[in-house]
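The values are calculated or read from the model by the stated rules, or taken from the named source; none is laboratory data. This is a predicted model, so every value here is computed, not measured. Every residue, glycine as well, gets a Cβ built from its backbone with ideal geometry; the counts of neighbours run over all protein chains shown. When the accessible area is computed, the model is the full protein with side chains, heavy atoms only, and any ligands, DNA or RNA have been set aside. Shrake-Rupley method; radii C 1.70, N 1.55, O 1.52, S 1.80 Å.
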Amino acid sequence: MQKASNTRYAITVISVLFFVFGFVTWLNGTLIPFLKLICQLETDVQAFFVTFAFYMAYFFLAIPSSIILKKTGYKNGMALGLLIIALGSVIFIPAANERRFEIFLAGLFVQGTGLALLQTASNPYISIIGPIESAAQRISIMGICNKAAGMLSPLILGALILKNAGKIQEQILLTADSAAKANLLNTLAARIIPLYVIMALLLVVLAIVIRRSSLPEIDMDKHEVGFTQAEEKTSVFKFPHLWLGVLCIFLYVGVEVLAGDAIGTYGRELGMPLDETKYFTTFTLFAMLAGYVAGIFTIPKYISQQKALSVSAIAGIVFSLCAFITSGYTAITFIALLGLANALMWPAIFPLAIKGLGKFTKIGSAFLIMGIAGGALLPLLYTTLKDKGIFSNHTAFLICTLPCYLYILYYAIKGSAAGKMQER
């Protein structure tokens, strides 16, 4: 009974952290057009360095995060991660005051650093706090918290900083006087400061709460070896299903960010106004939320993690093709539906990739977190292909999504079992 109570308490605490992940992460979709406007960026490629700076932090900080967690433990590491995100939020104040894009990118990188630490701690933690076979179900619960926050963040940020953005954009374009234009841009940039000040304060409070909580520590080294020769393996490089999983995470996060953050850019390429496209990320996240709810009730009772991943990949393939052959709001609808296809991918890929790692779970998790860098590179590839005129908007999007879903399908069917021995 005590163990069950501790598990419920841990799940509650981690769900709060996943809410934080979602709120901070999915602000990027609204920040892209906002920073493009106030910093007077010329292309979408420049604007998408928002996602590049944010997600590349995972690549550089995932392994150092695993080292930090060995020294601090999971609870203290999570508190430290929250404080680092708060620091990144504070950097937005001078960035907004000076309207310097590079300072905004620095703040985003610091936020990503804190999230890398939190993700490296919380994902294996929630996977192993209960049976590994039902890990996707628990991660789906975390996903609901993540995407519920993600649905709120663009709505809040859009209402606060992009209110009447279309009219302001027209005023800026029509204003010839440089001082008047600068005044308009400075006024618009200042809108972001109160939100990030409040965010920083709340993150500090939450860090203190986590630090003082009774969140139980878990010894990852003793959990879930699961295969006859796992204990004999001397290196994390001897688990092919892990490395195939790292690539799978890389591609999955790339298409998730494309579906969530690039959907607005896709809509603007179709001639839709900023006052409408600022809400498109919420549509994608609503579809993801529906997918997570389905996962909670079906995994593992009615469908295995591998099967859920297969079905999700096939849905991604179908929706990508449908977005390619349609146009207007119909195409936007299919891109939003990619959220439904993506919902169960992280909950399935992560536990499949760490299963059987035993004492290598921490470092294996860190490598998987590095795969989040896919969210930095694939959106940049999409914007480069379309802005350079190499491909049309539709074709560029398809090139960046379809191969990813095909590989995810391969991992679900075959890759996740690569190198695994007969289970005991």
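Values computed for the structure shown
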{"read-out": "Filter result (open to solvent by 40 Å² or more (accessible area, probe 1.4 Å) and more than 17 Å from the chain's Cα centre (by Cα)) within the range 53-70", "value": "Ile63, Pro64, Ile67, Ile68, Lys70"}
{"read-out": "Flag for Ala343 being among the hydrophobic types (A, V, I, L, M, F, W, C), touching a residue at least 12 places away in the same chain (Cβ under 8 Å), open to solvent by less than 10 Å² (accessible area, probe 1.4 Å) and in contact with a His (Cβ under 7 Å, 6 or more places away or on another chain)", "value": "no"}
{"read-out": "Filter result (assigned to a helix (DSSP H, G or I), touching a residue at least 60 places away in the same chain (Cβ under 8 Å), closer than 20 Å to Cys145 by Cβ and among the hydrophobic types (A, V, I, L, M, F, W, C)) within the range 295-334", "value": "Ile296, Ala308"}
{"read-out": "Selection count, the range 142-169, where residues are open to solvent by 60 Å² or more (accessible area, probe 1.4 Å) and modelled with pLDDT of 75 or more", "value": "4"}
{"read-out": "Pairs with Cβ under 8 Å, 6+ apart, first in the range 57-73 and in contact (Cβ under 8 Å) with a residue 40 or more places away in the chain and farther than 19 Å from Val253 by Cβ, second crowded, with 17+ Cβ neighbours inside 10 Å and of a type in the set (Ser, Thr, Tyr)", "value": "Leu69/Thr120"}
{"read-out": "Single residue of the range 71-81 satisfying the filter (touching a Gly at 6+ places or on another chain (Cβ under 9 Å) and farther than 9 Å from Ala121 by Cβ) that is surrounded by the most Cβ atoms within 10 Å (Cβ to Cβ)", "value": "Leu80"}
{"read-out": "Which listed residue, of Ile325, Ile390, Ile335, is open to solvent by 50 Å² or more (accessible area, probe 1.4 Å), at pLDDT 90 or above and farther than 18 Å from Gln119 by Cβ", "value": "Ile325"}
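Quick grid of which residues meet (1) modelled with pLDDT under 90; (2) over 20 Å from Gly22 (Cα atoms); (3) surrounded by 19 or more Cβ atoms within 10 Å (Cβ to Cβ):
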site	(1), (2), (3)
Arg191	yes, yes, no
Ala200	no, no, yes
Val205	no, no, no
Asp221	yes, yes, no
Leu242	no, yes, yes
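For (1) surrounded by fewer than 24 Cβ atoms within 10 Å (Cβ to Cβ); (2) of a type in the set (Lys, Arg); (3) modelled with pLDDT under 85, each residue gets a yes or a no:
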position: Ser5; (1), (2), (3): yes, no, yes
position: Ile11; (1), (2), (3): yes, no, yes
position: Gly29; (1), (2), (3): no, no, yes
position: Leu35; (1), (2), (3): no, no, no
position: Leu41; (1), (2), (3): yes, no, no
position: Asp44; (1), (2), (3): yes, no, no
position: Phe48; (1), (2), (3): no, no, no
